[in-house]
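Where a number appears in this text, it was derived from the coordinates with a stated rule and is not lab data. Remember, predicted model here, so these are calculated numbers, not experimental data. Cβ: placed from backbone, ideal geometry, glycine included. Neighbour counts: every protein chain shown.
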Amino acid sequence: MPANVKYELKLGAATREAFGKTLAELGHENANIVVGDADLTKSTMTTYFAKEFPERLFECGIAEANMVAIGAGLALSGKIPFVSSFSAFVMTKGFEQLRCLVAYPNVNLKVVGTHSGISIGEDGPSQMSMEDLALACALPNFTVLCPADEVATAWAVRWAAEHVGPVFIRTGRVKVPVIYPAGTKFEIGKAVELVSGTDVTLIATGLVVAEAIRAAEQLEAEGISARVLDIHTIKPIDEEAIGKAAAETGALVVAEEHLVDSGLGVRVAQAAAKTHPAPIEFVGLTEFAESATPDELLDKYGMRADNIAAAARRVLARKK
């Protein structure tokens with residue numbers, strides 16, 4: 001998109017809600033779609049599907065590993081199963097089953113993690129997923145998606161239903177700004193350039209994409225031209241866009257609501273090393289968070305536009 005595009009960034013729905021509503025729509029369109037949940041339908045928003053198709057909702061109780069195994073079996077029987085729980089639960093408690101029963105045999109299971117990152121808020125660190133993207137990316141055959149708003153989420157869910165193969169979709173608890181016009185079409189493995197720029201590239205995913213846009217606006221006021229890339233597909237990642245950004249701007253900042261040791265930043269660094277090495281700064285998590293409101297946590301752990309802009313200034317100071 002052109003550099004002069006100004007985003008209103010009005011608050012929209014939570015991505016978990018967009019997931020739930022889109023799943024219910026798909027239920028009317030395809031009778032093979034079934035859903036597994038782990039006693040969290042009202043939280044994961046699969047309640048929308050459950051109300052419309054109670055006979056196609058498999059309530060597995062607080063047993064995420066069993067839920068994944070049941071989902072794998074349903075996929076092998078010809079159904080298109082979506083299984084959902086908090087990211088912290090489905091990816092950690094269900095990892096062995098995801099590895100052995102889904103990734104290894106390349107089973108057509110769709111896994112949706114909700115309440116991802118620290119923006120889950122007051123529920124506390126035991127329920128915060130800060131390593132879910134790393135775990136999902138470690139699974140061969142998985143496509144890993146992290147949509148930034150309700151529009152991107154609706155597309156991701158629909159794409160997952162049509163795609164043959166395992167998929168992980170990361171969604172969040174809190175309402176997030178709307179970035180994309182309704183009906184926007186995305187492409188797997190292709191980043192979206194939201195703001196053009198020549199001095200530095202801000203690469204973000206999920207909830208912090210909106211913060212990256214705000215950071216670019218801050219930097220523009222200082223005379224710094226910042227490109228913004230939304231990496232909605234973590235795996236396969238857009239190596240071409242990353243290499244192009246590194247070559248053209250010469251400096252990168254990666255922002256994510258995830259551990260910096262194992263998430264998007266690592267994958268961006270790998271891509272840059274293969275295509276066009278450049279200095280990189282990382283904005284993300286380095287420790288477990290606390291129990292507080294989402295806003296308090298995002299402020300304390302540096303997930304805001306100010307933090308991204310500060311990282312841009314640091315990397316520009318290292319730019320050759």
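Things to note:
- Residue-averaged [θ]222 nm for the chain, counting only DSSP H segments that reach four residues, each worth -39500 (n - 2.57): -11000 deg cm²/dmol
- Over region 12-177 - Rg/Rh using Cα atoms and the Kirkwood inverse-distance radius: 0.92
- Of all DSSP beta bridges in the chain, antiparallel share, percent nearest 5: 20
- Anchor LYS6: aspartates and glutamates whose Cα lies under 15 Å away (excluding residues fewer than 8 positions away in-chain): GLU193, GLU211, GLU217, GLU220
- Considering only CYS60, GLY94, ALA245, the residue lying farthest towards the positive end of the dipole of the chain is ALA245, judged by Cα position with unit charges set on Cβ.
- Kirkwood hydrodynamic radius of region 192-318, from inverse mean 1/r over distinct Cα pairs, in Å: 14.2
- GNM result for the chain, Cα springs below 10 Å: residue of ALA210, ALA273, ALA88 fluctuating most strongly: ALA273
- Sorting 117-126, 226-235, 57-66 by average packing, meaning the other beta carbons within 10 Å per residue, from highest down gives 226-235, 117-126, 57-66.
- Whole-number D in µm² s⁻¹ for the chain, Kirkwood Cα-pair radius fed into Stokes-Einstein, 10 °C, 1.306 mPa s: 82
- The count of lysine pairs in region 122-270 with alpha-carbon distances below 21 Å, taking only pairs 8 or more places apart or on different chains, stands at 4.
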